[in-house]
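Just so it is clear, none of the values below were taken in a lab; they were calculated from the coordinates. Fair warning: this is a prediction, and the values are worked out from it, not measured in the lab. When we count neighbours, we look across all protein chains shown, and the Cβ atoms used for this are built from the backbone with ideal geometry, even at glycine.
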Amino acid sequence: MKQCVITGSNRGVGFELVRSYLSRGDWHVHACCREPEKADALRELVTGSLGRITLHSLEVTDPASVEKLANDLSDAPIDLLINNAGIMGGDHQELDNMDFEAWAEAFAVNAIAPFRVAQALLPALRRASGAKIATISSQLGALNYKSTNRYAYCSSKAAVNKTMRIMAEQLRDDEITCVLFHPGWVKTDMGGQNAELHADESAGGIARTLERLTLADTGCFFKWNGEPHVW
């Protein structure tokens, strides 16, 4: 059975990614979030999953927490890592009203943590054949996308885009495919209820796209539906 690790899995797109991979029948999902004991929806999935989901406590910005996850998975080959955990970066992201502490936190969660988690899980990813790393980014991180606010969020997503492009080149010889996704404008706590997509639509499209990707796609940026996204 193939093994998948999903961060930020307790709600939104992350939760629907867990459901999507469980529905495929040939995956074991390692669902990671900060407080799994409070993630009631995830815990309900455990009941009906026939042992195909394991919950892990993970704070992606905490080195000790990431190391514990890596140790817990030290014997398993990981076929897929989905870096989904992310934050908006606070309410004050304007030129004349910037919350610098929230900006730093956004970088820690959105840009640095995906690298930290991938680095820690590299031994497990290398044990698999043709492993994949997918990071949920945003079109707001594309340099050609014009924006006049959300400095923290946009810059942190641009940073993770470049970070994962570099990682893609470094892991090419290991035959690990490394890609990024714009999940679309999704009806979540972050996207709001006026958004265009439901979380299960976004997650399903991402999962279907990941199934067909090969090493030839490494370093690419995709929309949730598999269309290429400009940088």
Which residue, 122, 42, 95, has the most motion in a Gaussian network model of the chain that connects Cα atoms within less than 10 Å?
95
Given +1 on the Cβ of Lys and Arg, -1 on the Cβ of Asp and Glu, and no further charges, what dipole in debye does segment 2-223 carry about its Cα centre, rounded to the nearest 20?
600
Just subtract the alpha-carbon distance of residue 194 and residue 49 from 0.36 nm times their residue separation and send over the number in nm, one decimal.
49.0 nm
Per 10 Å bin from zero, what fraction in whole % of the C-alpha pairs of segment 2-223 is there, up to the bin with the longest pair?
8, 35, 39, 15, 2, 0
Cβ under 13 Å from residue 67's Cβ, residue 67 left aside: what net charge do those residues give with Lys, Arg +1 and Asp, Glu -1?
-1
How many lysine pairs does segment 2-223 hold where the Cα atoms are under 25 Å apart and the two sit 8 or more places apart or on different chains?
17
Order 47-57, 216-226 from most to least packed using the mean count of other Cβ atoms within 10 Å.
216-226, 47-57
If you take every DSSP beta bridge whose two residues both sit in the chain, what share of them, in percent to the nearest 5, is antiparallel?
10
Quote to one decimal, in nm, the extra length available between residue 95 and residue 143 on full extension: 0.36 nm per residue of separation minus the C-alpha distance between them.
15.5 nm
For segment 107-231, with +1 on Lys and Arg beta carbons and -1 on Asp and Glu, the positive-most of 185, 145, 226 along the dipole:
145
Calculate how steeply helix 63-72 sits against the longest principal axis of the alpha-carbon atoms of the chain, using the helix alpha-carbon long axis, and give the answer as 0 to 90 degrees to the nearest 10.
20
Quick check on the exposure proxy: order 112, 136 from fewest to most C-beta atoms within 10 angstrom.
112, 136
